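*Asks:* Please find one structure pasted underneath; my questions will follow.
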Amino acid sequence: MTRPAIFLEDVGVRFKPFVDSKPTLRRGLKRTQEDVVALRDVSFSVNPGEAFGVVGHNGAGKTTLLKVMAQTLAPTTGKVVVNGTVSTLLSLGVGFQTQLSGRRNIYLGGLAVGLSRSQIDDMFESIVDYAELWDAIDRPVSSFSSGMFARLAFAISIHLDPEIVLLDEVLAVGDASFREKSLNSMKEMLERSGTIVLVSHSMSRVSQFCDRVAWLDHGTVRALGPAREIVAECKEAVAAKKGGS
């Protein structure tokens, strides 16, 4: 039996709320506050070669879930198993040294995941070609637009040839031609039995691209199933909520 690419069982994440411990005449003494529950009893698996979507309202726990799957955030409870090398684009430019050039950031990113300088040399031109950034690659990343950030981040990620890619709204940025190129690259990755997890507010994008979808609602999985079916349920719930408000 094939192992899942990602397996989560009863995953929960709690955060301690920030409390100002200095009392004032207005607030009085510090009050005890309950933990913030970001995820509660989340269980599902993602299969190799699958495009898996995560949808939900702001604050539903989508980015927290992605961080758990990336293993950059340890769950408070439950178990997470990841079988494969992971490339994570949780947000644009995270990990970039913005005062350094795009060229330097390509090398830093490659070295950070264990590549040798010669390996990065071999893929450097291909990364810059893909990102379409030859005119800007020696400029500080701080001068890049959000679209340039997106192109460089995605180009680096896809050239590392990961088995699993985790994306958080990255494809919402950039021009139409680059989004199309990115989608084609991800489709090629899926054909090689690579795995993609996509978090997005774009219901149409998730419905068209993903095989299955998890709908998060206040940190719990409200529904899980075929992409078009779950996206339709989510849209209906959002419309009903707006109609009743």
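*Asks:* Quick one: grab Rg to one decimal and Dmax as a whole number for the chain, Cα atoms only, in Å.
*Replies:* 20.0, 64
*Asks:* Rank these for me by crowding, S207, S185, S142, going from fewest to most other beta carbons within 10 Å. Don't skip to the end; give the middle numbers.
*Replies:* Working: S207 20, S185 17, S142 11.
Final ranking by Cβ density, sparse to dense: S142, S185, S207.
*Asks:* Further question on the same structure: Can you check how the C-alpha radius of gyration of segment 32-119 compares to 2.2 N^0.38 Å, as a plain ratio? Spell out each step's value before the answer.
*Replies:* Values: Rg = 16.6 Å, N = 88, 2.2 N^0.38 = 12.1 Å.
Expressed relative to 2.2 N^0.38 Å, the Cα Rg reads 1.37.
*Asks:* A further question follows. From the Cα trace of segment 122-201, what convex hull volume per residue do you get, rounded to a whole Å³? Show your work: numbers first, answer last.
*Replies:* Numbers: hull volume 7.7 nm³, N = 80.
Roughly 97 Å³ of hull volume per residue.
*Asks:* Next up: Could you calculate the contour length gain from W134 to T76, that is, 0.36 nm times the residue separation minus the distance between their Cα atoms, to one decimal place in nm? Walk me through the numbers before you get to the answer.
*Replies:* On the way: separation 58, 0.36 × 58 = 20.88 nm, distance 4.41 nm.
Contour length minus the Cα-Cα distance gives 16.5 nm.
*Asks:* Report the paramagnetic label zone for D35: residues of segment 66-88 whose backbone N is under 15 Å from a point 7 Å from Cα along the Cα-to-Cβ axis.
*Replies:* Taking a point 7 Å out along Cα→Cβ of D35, the residues of segment 66-88 whose backbone N falls under 15 Å are 74-79.
*Asks:* If you don't mind, another one. If you look at just the Cα atoms of segment 162-245, how large are its Rg and its Dmax in Å?
*Replies:* 14.3, 46
*Asks:* Then there is this: To the nearest 0.05, how large is the calculated FRET efficiency for D161 and F7 if R₀ is 30 Å and r is the Cβ-Cβ distance?
*Replies:* E(calc), rounded to 0.05, equals 0.85.
*Asks:* Let me ask something additional. On a full-extension model of 0.36 nm per residue, what is the gain between V238 and S45, subtracting their alpha-carbon distance, rounded to one decimal in nm?
*Replies:* On the way: separation 193, 0.36 × 193 = 69.48 nm, distance 2.59 nm.
Between V238 and S45, full extension yields an extra 66.9 nm.
*Asks:* Moving on to the next point. Give the range of the longest stretch in the chain that excludes all chymotrypsin sites (Phe, Trp or Tyr not before Pro) found in loop regions by DSSP and having at most 16 other beta-carbon atoms within 10 Å.
*Replies:* Looking at the chain, 19-133 is the longest stretch - no exposed chymotrypsin sites (Phe, Trp or Tyr not before Pro) with at most 16 other Cβ atoms within 10 Å.
*Asks:* Another question, then. Anything over 32 Å Cα to Cα? Flag those among K181/K235; K181/K241; K62/K242; K67/K242, in the order listed.
*Replies:* Details: K181/K235 28 Å; K181/K241 36 Å; K62/K242 21 Å; K67/K242 30 Å.
Cα-Cα > 32 Å for K181/K241; rest within.
*Asks:* Same structure again: Using the C-alpha gyration tensor of segment 102-166, what are the square roots of 5 times its eigenvalues, in whole angstrom, with the largest one first? Mind showing how you got there, number by number?
*Replies:* Values: eigenvalues 66, 37, 22 Å².
Value: 18, 14, 10 Å, ordered largest first.
*Asks:* Across all directions of projection, what mean area in square nanometres is found for the Cα convex hull of segment 197-245? Walk me through the numbers before you get to the answer.
*Replies:* On the way: hull surface 14.0 nm².
Approximately 3.5 nm², given one-decimal rounding.
A short reminder: the numbers here are calculations on the coordinates, not readings from a lab. It should be emphasised that the depicted structure is a prediction, and the values quoted were computed from it without experimental measurement. With ideal geometry, Cβ positions are generated from the backbone for all residues, glycine too; neighbour counts draw on all protein chains shown.
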